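S.K.: The structure's right below; bear with me while I get my questions together.
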Amino acid sequence: MNETIRKFGYPRTEIASYEHWVVLLRPAQVTLGSLILAAKSEATAFPDLPPAASAELAQVTRDIESTLRTVVDYEKINYLMLMMVDPHVHFHVFPRYAGEREIRGVNVADTGWPKTPDLGSAHALDEAQIHRLVDCLKETWPARG
């Protein structure tokens, strides 16, 4: 796994792994269910990903949205490619909603709703919270054959 993936807590934050992508819980929750969708390659530009990674992205995003719809019941979803500090191709995924959501004792309000996500208000999770949220998302993740 590349350095960007490791920076976001891999392997303890891993929810799902695909051939070209990995889905991680974002340790700083901007909204409840915030994720990192990261390419496993060393690419630092989106068009440098292999064609198979682009093709696989459709399935990965379907799985993300299905899971977050069930767990968070979001109203909108934002995929932000913010590669200013962490150079490898990755997206920050923010389920968006009015008010607050709760999962297994973790409560997070969407303080930016209905405008852009308020990145400065991110809720840093402790290890127990990370474990509970990762477990919940893994349990809900669509089965792949």
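S.K.: Looking at (1) over 19 Å from Pro27 (Cβ atoms); (2) without any contact (Cβ under 8 Å) to a residue 40 or more places away in the chain, which one does Met84 not meet, given that it meets all the others?
M.R.: Every condition holds for Met84 apart from (1).
S.K.: Still on this structure, I have one more. So, in segment 113-145, exactly how many residues are part of a loop (DSSP other than H, G, I, E, B), farther than 21 Å from Ser17 by Cβ, in contact (Cβ under 8 Å) with a residue 40 or more places away in the chain and not acidic (Asp, Glu)?
M.R.: Total satisfying the criteria: 2.
Each row is one residue, and each column tells you yes or no for (1) modelled with pLDDT of 95 or more; (2) within 24 Å of Asn107 (Cα to Cα); (3) not in a strand (DSSP E or B).
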position: Ile5; (1), (2), (3): yes, no, yes
position: Pro11; (1), (2), (3): yes, yes, yes
position: Val22; (1), (2), (3): yes, no, no
position: Thr31; (1), (2), (3): yes, yes, yes
position: Ser41; (1), (2), (3): yes, no, yes
position: Ala53; (1), (2), (3): yes, no, yes
position: Leu57; (1), (2), (3): yes, no, yes
position: Arg62; (1), (2), (3): yes, no, yes
position: Thr67; (1), (2), (3): yes, yes, yes
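S.K.: Against the definition (touching a Pro at 6+ places or on another chain (Cβ under 7 Å) and not polar (S, T, N, Q)), how does Val23 come out, yes or no?
M.R.: So Val23 does not fit the description; no.
S.K.: I would also like to ask the following. Sort out which residues of segment 82-112 are farther than 20 Å from Val72 by Cβ and hydrophobic (A, V, I, L, M, F, W, C), and write them in order of number.
M.R.: Selection gives Leu82, Met83, Met84, Val85, Val89.
S.K.: Tally time: how many residues in segment 85-109 are among the basic types (Lys, Arg) and under 16 Å from Leu125 (Cα atoms)?
M.R.: 2
S.K.: Any residue at all in segment 124-142 that is of a type in the set (A, V, I, L, M, F, W, C) and more than 15 Å from the chain's Cα centre (by Cα)?
M.R.: Scanning segment 124-142, I find at least one residue that is of a type in the set (A, V, I, L, M, F, W, C) and more than 15 Å from the chain's Cα centre (by Cα), so the answer is yes.
The values are calculated or read from the model by the stated rules, or taken from the named source; none is laboratory data. Since the model is a prediction, treat every value here as computed from it, not as a measurement. Positions of Cβ are generated from backbone atoms using ideal geometry, with glycine treated the same way; all protein chains shown enter the neighbour counts.
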